[in-house]
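Asks: Would you mind keeping the following structure in view while I ask a few things?
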Amino acid sequence: YLCWRSCKNIKKMKIIAEIGVNHNGSIDIAKNLIVAAKENGADIVKFQTFKAEDNISRFAELADYQKTNMGMKKSQLELIKKYEFSNDAFIELHDFCVKTEISFLSTAFDINALKFLDNLNMPYIKIPSGEATNLPLLEEIGQRNREVLLSTGMCEFAEVVQAIEMLEN
């Protein structure tokens, strides 16, 4: 992760356990993953917040490896929809994290998800690398003047520079 604002102010390395959508749409699995992350020394658990229908085209096909590995004939939208949690589920997971004494973090894939996550008092705003070129989302995040983790795995260097400029402006 690229820490945008004040990396020099970070006193201790933070370990983020990437749960993402590995909960398979199950709150119970998500809670078990939170406990496992805590037991294994993670400081933060990270999920993904999205509404599939707002982010995935109904015409998007599965990737070849998904078709092969899952033997599915569904669309990308149908696949991703099963990993989507409701806002109430995220509130429940956030509260479970507080009880478990581990920080909750979730990546917002769109402005509506960002606005919802604003209410959960997360330590950072996390931007996925696939959204580093989503200028409306970056502009919205930049207006919050909060610490940001910008994932850069899918980015060209020029895209990282552009994202940072958008956040700072």
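The values are calculated or read from the model by the stated rules, or taken from the named source; none is laboratory data. Just so it is clear, the model here is predicted, and its values are computed rather than measured. Backbone-built Cβ (ideal geometry, glycine too); neighbour counts: all protein chains shown. The protein model used for the area step is the full one, side chains on, heavy atoms only, and it has no ligands, DNA or RNA in it. Shrake-Rupley method; radii C 1.70, N 1.55, O 1.52, S 1.80 Å.
Asks: Going through region 136-163 one residue at a time, which ones are surrounded by 12 or more Cβ atoms within 10 Å (Cβ to Cβ) and farther than 21 Å from Lys46 by Cβ?
Replies: Passing the criteria: Glu139, Glu159, Gln162.
Asks: Something else now. Determine which single condition Ile29 fails, assuming it passes every other condition in (1) closer than 29 Å to Glu92 by Cβ; (2) open to solvent by 60 Å² or more (accessible area, probe 1.4 Å); (3) assigned to a loop (DSSP other than H, G, I, E, B).
Replies: If we test Ile29 against (1) closer than 29 Å to Glu92 by Cβ; (2) open to solvent by 60 Å² or more (accessible area, probe 1.4 Å); (3) assigned to a loop (DSSP other than H, G, I, E, B), just (3) comes out false.
Asks: Can you name the residue in region 84-114 that is free of Cβ contacts under 8 Å to residues at least 60 places away in the same chain and touching a helix residue (DSSP H, G or I) at 6+ places or on another chain (Cβ under 8 Å) and is also surrounded by the most Cβ atoms within 10 Å (Cβ to Cβ) among such residues?
Replies: Ala108
Asks: Residue check: is Leu77 open to solvent by less than 50 Å² (accessible area, probe 1.4 Å) and at pLDDT below 95? So that I can check it myself, show each step before the final result.
Replies: Values: open to solvent by less than 50 Å² (accessible area, probe 1.4 Å): yes; at pLDDT below 95: yes.
Yes.
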